[in-house]
1. For THR7, work out the one condition from (1) within 24 Å of PHE130 (Cβ to Cβ); (2) within 38 Å of the chain's Cα centre (by Cα) it doesn't fulfil.
2. Give the residues of the range 10-51 that are over 20 Å from PHE130 (Cα atoms), of a type in the set (Asp, Glu) and in a loop (DSSP other than H, G, I, E, B), sorted by residue number.
3. Could you tell me whether any residue of the range 300-313 is within 50 Å of the chain's Cα centre (by Cα) and of a type outside the set (A, V, I, L, M, F, W, C)?
4. Any idea which of SER264, SER234 is among the small types (Gly, Ala, Ser) and in contact (Cβ under 8 Å) with a residue 24 or more places away in the chain?
5. Restricting attention to the range 18-59, report how many residues are buried (at least 18 other Cβ atoms within 10 Å of the Cβ), without any contact (Cβ under 8 Å) to a residue 60 or more places away in the chain and among the aliphatic types (A, V, I, L, M).
6. Would you be able to say whether some residue in the range 257-276 is more than 17 Å from ASP189 (Cα to Cα), over 35 Å from the mean Cα position of the chain (by Cα) and outside any helix (DSSP H, G or I)?
7. Just to be sure before I move on: is THR327 assigned to a helix (DSSP H, G or I) and under 19 Å from LEU423 (Cα atoms) in the structure I sent?
Amino acid sequence: MLAVYETIDLGLISTLSKVTPARNEPPILDLLQGNHPVFLQDPIHDETIYVYHAFGVHALQLGTLLQNLAIALRDDISNDGNESLSASLEKSGGTVVRPILSTFSVERKCSNPVVAVAIPNDVYLTYSIFILTSAMRITTLPLTLQSELQHIENLSASVIRDPVLAKSQIALPLPEAAGPPGYITLLSDPFVPPSILSRASSGLPTNPILALPPSQAPNKEFQLTPDTLRFFASTVEKFNGQIHDVTIAYRACDLRAILQKQESIRQQQKCKEMLEQIEYLRGKRQELTREKIANVQETQKVLLGRLDRILRAMMKTASPELSEHETKWFQELKRMKEDIKGSTRYDQESLVARTGLLRREFDRLLPSLKELQAKEERIKKRTAEGTTGLGFSQAFEYGERSNAERVKIGRLENDLTKLATRLDVTLGKPPPLQSPTNTK
């Protein structure tokens with residue numbers, strides 16, 4: 001399916017229709033039959049396309065159109081409906097068409113086609129556009145490089161002019177707090193440069209430049225015809241309109257500058273008030289707050305003491321004597337204390353005395369265990385070194401003896417663990433026992 005979204009009008013038909021042909025000459029609009037437009041993309045700014053044809057050169061700026069379409073598609077995906085997409089497409093602007101060069105002569109009622117257009121993409125050459133006509137006349141126009149930030153600002157300014165797109169582009173503000181606002185700014189809307197001023201930032205001329213061949217009869221007098229009068233009148237009208245737009249833009253920018261100066265003064269005053277309030281909060285107000293906090297803490301201590309006394313009195317009133325369960329619990333605690341500390345100072349059956357005895361026994365056995373471990377490590381080392389020289393029967397006998405020793409060591413560890421469990425003493429983890437390596 002092929003659909004046409006926009007038809008771009010270069011204004012050629014309206015320009016040619018203003019010229020009146022002679023009696024015996026064909027209509028001027030027949031010149032369009034030999035017109036073959038050629039497109040050339042700007043090597044630096046991808047959104048700018050130049051069209052050169054038999055009547056001159058036009059610049060097509062697609063940046064605003066593409067951004068509007070992207071915003072409309074994003075809103076359509078997020079809203080899952082066609083109403084927002086249709087509204088965005090109806091409100092969005094089209095391609096900006098700007099005539100750069102005109103080769104049509106109103107006096108001679110003919111045109112010199114543009115045969116070539118070049119924009120060098122070389123760091124050693126200036127960013128310019130070179131136009132060559134069939135009369136071998138070259139026209140050079142210097143262009144202006146736009147940074148990425150400036151380019152985004154220009155596109156954003158064009159989007160802000162559209163309320164529907166601006167609503168989808170700008171994020172919603174935070175909900176306002178209850179009560180009157182603390183500060184109301186004079187600059188309710190962001191500043192949007194007038195379109196007449198933003199056009200000059202690209203370096204393209206505001207009015208098309210005439211690139212006509214030199215007259216073949218230089219001494220021939222200039223004849224004033226109705227077509228030339230209409231051409232002069234339309235050109236003067238364009239200049240007057242541009243001068244009027246520039247005057248209005250200057251007044252708007254001047255008023256905006258005055259408003260921003262007033263807003264700057266108001267913000268400075270508001271900042272001064274905020275700094276004074278901060279100094280007050282840091283100084284006198286902070287001391288008062290600390291005093292209040294200290295008084296609150298003292299009052300809280302008094303209230304806690306009073307609450308404790310009231311709670312004790314209520315407990316005595318509710319149950320002045322211990323209950324049966326509480327009595328049993330205190331008796332159990334007393335018995336546990338006697339089991340741990342003993343009935344007397346030299347009670348050998350207490351857990352403290354038994355723990356001391358176990359610790360002394362462990363300290364006594366620890367050196368022999370360490371010697372046994374070192375001896376076992378030496379035996380394992382010698383065994384590992386001499387395993388290659390042992391026979392199968394010797395290795396098997398050595399393995400059985402090692403297993404027997406392992407069983408003895410395991411029993412000793414179990415006895416020590418049971419003894420520590422009975423005495424409620426925590427022992428360190430014994431070193432791991434390595435299985436004997438079988439040699440083949």
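The values are calculated or read from the model by the stated rules, or taken from the named source; none is laboratory data. Given the structure is predicted, the values throughout are model-derived calculations rather than measurements. Using ideal geometry, Cβ is built from the backbone for each residue, glycine included, and neighbour counts are taken over all protein chains shown.
1. Single failed check for THR7: (1).
2. GLU25
3. First pass over the range 300-313, keeping only residues within 50 Å of the chain's Cα centre (by Cα): 300.
Checking which are of a type outside the set (A, V, I, L, M, F, W, C) leaves us with 300.
So far as the range 300-313 goes, yes, one or more of its residues are within 50 Å of the chain's Cα centre (by Cα) and of a type outside the set (A, V, I, L, M, F, W, C).
4. Numbers: SER264 fails: in contact (Cβ under 8 Å) with a residue 24 or more places away in the chain.
After applying the criteria, what remains is SER234.
5. The number of residues fulfilling the criteria is 1.
6. No, there is no match, as no residue in the range 257-276 is more than 17 Å from ASP189 (Cα to Cα), over 35 Å from the mean Cα position of the chain (by Cα) and outside any helix (DSSP H, G or I).
7. no
Residue-wise test of (1) over 33 Å from the mean Cα position of the chain (by Cα); (2) among the hydroxyl-bearing types (Ser, Thr, Tyr); (3) outside the structural domain of LEU60 (by the TED database).
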{"site": "LYS91", "(1), (2), (3)": "no, no, no"}
{"site": "ARG98", "(1), (2), (3)": "yes, no, no"}
{"site": "THR103", "(1), (2), (3)": "yes, yes, no"}
{"site": "SER111", "(1), (2), (3)": "yes, yes, no"}
{"site": "ASP122", "(1), (2), (3)": "yes, no, no"}
{"site": "SER134", "(1), (2), (3)": "yes, yes, no"}
